[in-house]
Amino acid sequence: MNIATKKVEVVDNPILRDPVMRELFDIPEQGLRRETQAAGSGVIVDAARGYVLTNDHVVKGATNIEVATKDNRRFKAQLVGRDQATDIALLRIKAGNLNAMALGDSDSLEVGDFVLAIGNPFGLGQTVTSGIISALGRTGLGIEGYEDFIQPDAAINPGNSGGALVTLDGRLAGINTAILSKTGGNVGIGFAVPINMARLVMAQLISNGEVKRGRIGVTLRKQITNPGAGVSADVEGAIIESVEPQSTAAQAGLTKGDIITTANNIQIRSSSQFRNFVGLIPSP
């Protein structure tokens, strides 16, 4: 699905702040405004309710959002909610005869699995590229606040943002969100938000219009790399750096230096994984 957005931006230029220039060119107090257009991609995930998943950066600041289906139908979209920290947004369109993509299980993916990337690169229209999963659980890239990226080598270019990363059995594995490139074009390193993460965000956006993140009151080390501190460098888990007094963690008896290895029967391998796990649990 193709997504077209229109945004109204205020032109910020030092010359336009000069009172003499403002009076000379009759510039209004609120400044000059210009309308910009952008293109991205989206995925229908609920045909009955018309829900479309995309990236937050595709629709951020948009005053008008229009989606186009493969059969050239166009619909004005309503923004249900957006979450900048995971770069996920949810749209809704009123349309019949939609086909939703079945959601997969991103936790079952393995490096080497074949995947397809579907999107609207450079506004050309629906395009499919293929590749394999090069890596899983990519973090520390500074792209988003909560990172657990799938890294495919399928060609992903500007305009693919918000498009589908699909397994060979036709299930949605992730939402394409970014590329790593010095030129701005594809070099075989792209990133997708896992569908299991996007699914949790989507549920909160439907319920609340926003994501209300859980917290337990701990600060975590980025990784376990100090054997001299009495912790083996090859231990997997999230190591606690500090605990807030009277917090949920303190009441549970957690202290500095403890290593969290499981949570809700899920194996915890790193601090970033545990942070994502807690952050995606809805807060009361």
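Using the Karplus curve 6.51 cos²θ - 1.76 cosθ + 1.60 with θ = phi - 60°, work out ³J(HN,Hα) for each residue of region 35-46 in order, rounded to whole Hz, and write x for Gly and Pro.
9, 10, 10, 9, 10, x, 9, x, 9, 6, 10, 8
In nm, to one decimal, how far is the Ile189 label point from the Arg74 one, both placed 7 Å along Cα→Cβ?
3.8
Calculate the spin-label point distance for Ala85 paired with Ala250, positioning each point 7 Å from the Cα along the beta-carbon direction, and give it in nanometres.
Result: 2.1 nm between the two label points.
With the Cα gyration tensor of region 34-90 giving a ≥ b ≥ c as the square roots of its eigenvalues, does the rule (a/c under 1.5 for rounded; else a/b larger than b/c for prolate; else oblate) give rounded, prolate or oblate? Intermediate results must be reported in sequence, preceding the final value.
Details: a/c = 1.90, a/b = 1.14, b/c = 1.66.
Oblate, because a/c is 1.5 or more while a/b does not exceed b/c.
Pop the C-beta distance of Ala203 and Arg269 into the FRET formula with R0 = 22 Å and round what comes out to the nearest 0.05.
Numbers: r = 24 Å, r/R0 = 1.10.
Computed FRET efficiency for Ala203 and Arg269: 0.35.
Karplus couplings for region 70-77 from phi (6.51 cos²θ - 1.76 cosθ + 1.60, θ = phi - 60°), rounded to Hz, Gly and Pro as x?
Each residue of region 70-77 in turn: 4, 8, 6, 7, 10, 9, 6, 9 Hz.
No lab work stands behind these numbers, since they all come straight from the coordinates. Because the structure is predicted, anything quoted here is derived from the model rather than measured. Because the Cβ atoms are built from the backbone with ideal geometry, glycine has one as well, and the counts that use them run over all protein chains shown.
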